[in-house]
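Structure, as structure tokens:
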Amino acid sequence: MDSASSTSMEILNICPTGDLILRIGKECSPAEMIKCVLVSSETMTRLSPVFNTMLNGHFCESQLPLSSDHPPTLNIHEDNVPAMVTLCQILHQHKYARKLVTLAEIVGVGALGDMYKCQGAAEFWFHYQLLHRRISLADLSAKQIANIIQAAYLFDAEEVFYDFTKAAVTHVSFDKDGKDFAQGLGDVLPDEIQEALRESQVYHLMWIQAACKNLIGKLVDDKTDHACSGLEKRLARYTLALQRMRIRDRWSWIELSGPPVKQVADNHQDFAARQLLYEQSTRCQTDPCRSCSVDWSQIIKTEAAGFLKRVHGFCLTCIKRQNVNFTEVAENKCEEHELPSTWLADLNLK
Ligand SMILES: [Zn+2]
Ligand SMILES: [Zn+2]
């Protein structure tokens, strides 16, 4: 990065009292691809240790004659010119930083924030961008959820990382959308993350499977002293529903590989609602029948309400540590670090 003239280019004034012009773009790029921005060297060096080293260290850039009357030019060889301009606007709290950008652009800014080590100063912008787009998890694709996880990793935004890794476990079908998800995650995060998320999903589904077994135990009242014809029908119906939910096959409980947890929980709630109507019609002729008096609808509904509550997201501090044990992260909620929960809950997003 050496000084160069930018006299022929239009300069974007990000800081009216700026004393440095950043000429952003690849050296060989055509002029229209390059952007010049007027910034404050004090702001850049205070918020970015990388700029601080560049301008106050032993590099030749530290010899630049900073001045608001005749600001010198510093070449910044970046591919992603719009993202670098946005990052400068964010650091200067410029009003243009309020403009909403796409998820891909957020990730681009995150990558530069990470590179220039100014994530802390840019994190508020990341939250602002997410909050203002009224995200509904149900509307996000697997790739978009992964995009947000990648950005949260880059911006070091712990609560967003926690909430959206949790959202991946509850909402993403890795069998169906695994490729898109991997694309959305990019290549900055540890490779094992996606497998750990899938593992976490299977781990929670196994817990749900065990809960369903218990549920059947609760529904079958073995103290009934007569053969209840209704019980058989109700059991067959529930077993069929579990097959449709891919929790068991016709004959046995199967090894699970993946409907999203939310889908299983929702299907259970739907089933419980429909069961209410069905219960009336399956009553046997014996009166009173203990088995027929069990309220299946309510019991299933209550049990299913707990399915989502157990799911946890990943702790960013644990993920960023050396020699992270991904199986441990997948199966157990971190109890070592304080988890700043939860951004999604604040927005009342489900
Ligand atoms: Zn009965
Ligand atoms: Zn942790």
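Every number here is computed from the coordinates shown, using simple stated rules; none is lab data. Keep in mind the model is a prediction, meaning the values are calculated, not measured. Cβ coordinates were reconstructed from backbone atoms using ideal geometry, including for glycine residues, and neighbour counts include every protein chain displayed.
A Stokes-Einstein calculation at 20 °C with viscosity 1.002 mPa s, built on the Kirkwood radius of the chain over Cα pairs, returns a diffusion coefficient of 90 µm²/s.
Evaluated with a Cβ-only charge set (Lys, Arg +1; Asp, Glu -1), the stretch 205-305 carries a dipole of roughly 220 debye about its Cα centre, given to the nearest 20. Each semi-axis of the equivalent ellipsoid for the stretch 11-95 is √(5λ) with λ an eigenvalue of the Cα gyration tensor; in descending order they amount to 18, 15, 13 Å. Pairs exceeding 21 Å between alpha-carbon atoms, taken from Lys117/Lys143; Lys309/Lys333; Lys26/Lys320; Lys213/Lys233; Lys143/Lys176: Lys117/Lys143; Lys26/Lys320.
Taking only Cα atoms, what is the 0 to 90° angle, nearest 10, from helix 119-131's long axis to the longest principal axis of the chain? So the inclination is approximately 50 degrees.
Mean residue ellipticity, 222 nm, helices only, the chain: the sum of -39500 (n - 2.57) across DSSP H runs of n ≥ 4, divided by residue count and rounded to 500, is -16000 deg cm²/dmol.
Peptide packing for 184-197, 61-74 was compared via the average number of neighbouring C-beta atoms within 10 Å per residue; ordered from the highest value, the list is 184-197, 61-74.
Using the Cα coordinates of the stretch 164-207, the gyration tensor eigenvalues translate into equivalent-ellipsoid semi-axes of 18, 11, 9 Å, sorted from longest to shortest. Taking every alpha-carbon pair within the stretch 134-286, the share separated by more than 20 Å comes to 57 percent. Take 35-42, 248-255, 14-21 and order them by the average number of nearby Cβ atoms within 10 Å per residue, most first; the result is 35-42, 14-21, 248-255. Semi-axes of the equivalent ellipsoid for the stretch 233-350, computed as √(5λ) from the eigenvalues of its C-alpha gyration tensor and ordered from largest down, come to 38, 17, 12 Å.
Computed from point charges on the beta carbon alone (+1 for Lys and Arg, -1 for Asp and Glu), the dipole magnitude for the chain about its Cα centre is near 1500 Debye. The HN-Hα couplings worked out from phi for the stretch 9-25 by the Karplus form 6.51 cos²θ - 1.76 cosθ + 1.60 (θ = phi - 60°) are 9, 6, 10, 7, 8, 8, 9, x, 9, x, 10, 8, 10, 9, 9, 9, x Hz, whole numbers, x standing for Gly and Pro. Specify the angular offset, from 0 to 90 degrees and rounded to the nearest 10, of the alpha carbon long axis of helix 192-219 from the longest principal axis of the alpha carbons in the chain. Roughly 20 degrees, rounded to the nearest 10.
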